[in-house]
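The values are calculated or read from the model by the stated rules, or taken from the named source; none is laboratory data. Because the structure is predicted, anything quoted here is derived from the model rather than measured. Cβ coordinates were reconstructed from backbone atoms using ideal geometry, including for glycine residues, and neighbour counts include every protein chain displayed. To get the accessible areas, we keep the full protein, side chains included, count just its heavy atoms, and leave off ligands, DNA and RNA. Shrake-Rupley method; radii C 1.70, N 1.55, O 1.52, S 1.80 Å.
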Amino acid sequence: MNREGLIEGIWERDATTWTGSDEAQWLGWLDEPLHIQEQLDGIRRFAESLHDEVDHVVLCGMGGSSLAPEVLRRSFGVDWFHVLDTTHPRAIRALEEQLDLERTLFVSSSKSGSTLETRSHTDYFWEKAGKRGNRFAAITDPGSELEHLARERGFRATFYGEPSIGGRYSALSPFGIVPAVLMGADSARILERAQEMREACRSGEGNPGYELGSRFGQGWRDGRDKICIGDTPGGFGLWAEQLIAESTGKHGKGLVPAPGESPDGADRQGANPELPDPYALGAEFFRWEFAIAVAGAYLEINPFDQPDVQAAKDKTNEVLATGKEPELEPEGSVDELLAQAQANDYFCIQAFVEPGPDAEGRLDRLIADVRSRSGLVVTHGYGPRYMHSTGQLHKGGPNTGLFLQVIDDPGDELPIPGKPFGFRRLIRAQAAGDLETLKERGRRVARIHLEDI
């Protein structure tokens, strides 16, 4: 695990740096800050063509297709750019009420092109917006189902990702840069910072990505597996937690990302994003990507696969196939879950609720209560977003999580065109399927209603 050998192995695309399987096929992100430059003029021309026609942009995406755009949106303070990554009917209705559908651009973003949530959002707004192709664009990998759909429906533009880049490593590819341009950010400045960091991560000494990643890896070996990510105005931890959890959480191992948690504790280590201004995101995206590639070598895992993500998706489809809405009854309690806690565990809140001030207030109280009573690291995420982010760690990582599912009443059904189910049944099936998958993996779980907090 010598420094020079590890850095050299990454840049030479040597799969034996990790497990010797298919890692070499997933290293396109190393060069993407250079390659994306070739597309910049076309992306800018597309954005300029919208100036007199569009007041709002809605990006429909999940996981790697939505988290970098959400951090960019928050960091640059763009309130007319919306990221839709929930299947909660009330949240979708609330977003629709904010929009003039005739002056809104919908961007469907999915590497595979078949992401259920993204395709459902796309079909819903396709009908609502009058099936007007000039109000839709796609970001997807070449040859995907979404590319074919975009061509069939006459979408205004399609931007292509690089197939050798996994979703969580795609922030500096079209999946992050197209949204950045649409927000009005100076994409050239973002990429300049990324290129500077890329060069710094080639060096043997003073390599920022290596230093961060080796600290993560050595800390993991020393039993400090919780990565407490410092808060930033743009919520950088929201993006970083997918990168860390999905890359390292497998085969019973894993680093547990904990944005906003105190780094004080025997099982913790702190990590502060270096973001003096929003444009520094270009550098930080690359630094953390390189760092997690380094950490993966310490954990002796493939940081570019996600072997356990499909299980919850399959279980959701099983629930949907019954044709019935699942019964989501309370199971256990916070007290019963905490009674099972052991040293070095973490508490994870999985909230299948409408995002908003009421839910955030209740969840914040719950987080503070659990933290003070248990002393455990507390992580949390909205469903189904976290299923595309930290879900891999929850199912494939160490069995050190205490998982509390929080549900609410999603409201009236909201039909999805072409589907035998609507968004209400979908989000409830996702909650049911995810909890069942956790149980099958022998995880400790409970379920409560939001109003009982």
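What is the calculated FRET efficiency for residue 272 to residue 151, with r their C-beta to C-beta distance and R₀ = 51 Å, to the nearest 0.05? Numbers along the way, then the final one.
Details: r = 45 Å, r/R0 = 0.87.
The pair residue 272/residue 151 has a calculated efficiency of 0.70.
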Tally Lys/Arg at +1 and Asp/Glu at -1 over every other residue whose Cβ is under 11 Å from the Cβ of residue 230; what's the total? -3
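Tell me the relative contact order for the chain as a rounded percent, counting alpha carbon contacts under 8 Å between residues six or more apart.
Values: 869 pairs, mean separation 81.6, N = 453.
Computed value for the chain: 18 percent relative contact order.
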Extension gain (nm, one decimal) between residue 251 and residue 365, 0.36 nm per residue minus Cα-Cα: 37.7 nm
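Give, in nm to one decimal, the length gained when the segment between residue 441 and residue 14 is fully stretched (0.36 nm per residue of separation minus the Cα-Cα distance). Mind dumping the intermediate values first?
Details: separation 427, 0.36 × 427 = 153.72 nm, distance 3.25 nm.
Fully extending the segment from residue 441 to residue 14 adds 150.5 nm.
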Heavy-atom accessible area per residue, segment 255-365, 1.4 Å probe: how many Å²? 41
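Here are some pairs, 131/315; 131/419; 253/315; 313/419; 250/419; which of them have Cα atoms lying more than 27 Å apart in this structure? Can you show the working numbers first?
Values: 131/315 32 Å; 131/419 17 Å; 253/315 23 Å; 313/419 16 Å; 250/419 33 Å.
From the list (131/315; 131/419; 253/315; 313/419; 250/419), the Cα-Cα distance tops 27 Å for 131/315; 250/419.
Work out the P(r) tail for segment 313-377: percent of alpha carbon pairs separated by more than 20 Å, whole number. Present the calculation step by step, with values, prior to reporting the outcome.
Numbers: 1002 of 2080 pairs.
Value for segment 313-377: 48 percent of Cα pairs lie more than 20 Å apart.
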Calculate the translational D of segment 90-140 in whole µm² s⁻¹ from Stokes-Einstein, where the hydrodynamic radius comes from the Kirkwood formula applied to all Cα pairs, the temperature is 25 °C and the viscosity 0.890 mPa s. 215
Roughly how big is segment 60-200's charge dipole about its Cα centre, with Cβ charges of +1 (Lys, Arg) and -1 (Asp, Glu), in debye to the nearest 20? 200
At the level of C-alpha centres, the distance separating segment 351-410 and segment 118-182, in angstrom, is 29
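For residue 134 and residue 34, what does the FRET efficiency come to when R0 = 25 Å and r is the distance between their Cβ atoms, rounded to the nearest 0.05? Don't skip to the answer; put the middle values down first.
Numbers: r = 32 Å, r/R0 = 1.27.
Result of the calculation: an efficiency of 0.20.
Would you kindly calculate the translational diffusion coefficient of segment 383-429, applying Stokes-Einstein with the Kirkwood radius from alpha carbon pairs, for 20 °C and a viscosity of 1.002 mPa s, and quote it in µm² s⁻¹ without decimals?
Details: Rh = 12.8 Å.
D, rounded to a whole number, is 168 µm²/s.
For segment 263-304, which semi-axes, largest first and in whole Å, follow from the square roots of 5 times the eigenvalues of its Cα gyration tensor? Write down the numbers at each step before the final one.
Values: eigenvalues 98, 64, 5 Å².
Semi-axis lengths for segment 263-304 are 22, 18, 5 Å.
To two decimal places, what compactness ratio does segment 49-145 give when its Cα radius of gyration is scaled by 2.2 N^0.38 Å? Can you show the working numbers first?
Numbers: Rg = 12.7 Å, N = 97, 2.2 N^0.38 = 12.5 Å.
Relative to the rule-of-thumb radius for its length, segment 49-145 sits at 1.01.
How many percent of the alpha carbon pairs in segment 98-216 exceed a separation of 16 Å?
Numbers: 4722 of 7021 pairs.
Cα-Cα pairs in segment 98-216 separated by more than 16 Å: 67 percent.
So for segment 277-396, what percent of the C-alpha to C-alpha distances run longer than 24 Å? All intermediate terms of the calculation are to be shown ahead of the outcome.
Working: 3428 of 7140 pairs.
Tail of P(r) above 24 Å: 48 percent of Cα pairs.
Given all pairs of different Cα atoms, what value in angstroms does the Kirkwood hydrodynamic radius of segment 338-436 take?
Details: mean 1/r = 0.0680 Å⁻¹.
The Cα-based Kirkwood calculation yields 14.7 Å.
Mind checking segment 118-160 for trypsin sites (Lys or Arg not before Pro) that DSSP puts in a loop (not H, G, I, E or B) and that have at most 15 other Cβ atoms within 10 Å? Can you show the working numbers first?
On the way: sites: 119, 128, 131, 132, 135, 151, 153, 156; in loops: 131, 132, 156.
When the trypsin sites (Lys or Arg not before Pro) of segment 118-160 are filtered for loop state and at most 15 Cβ neighbours within 10 Å, 131, 132 remain.
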Cα centroid separation, segment 223-275 to segment 17-65 (Å): 24
Convex hull volume of the chain per residue (C-alpha atoms, cubic angstrom): 130
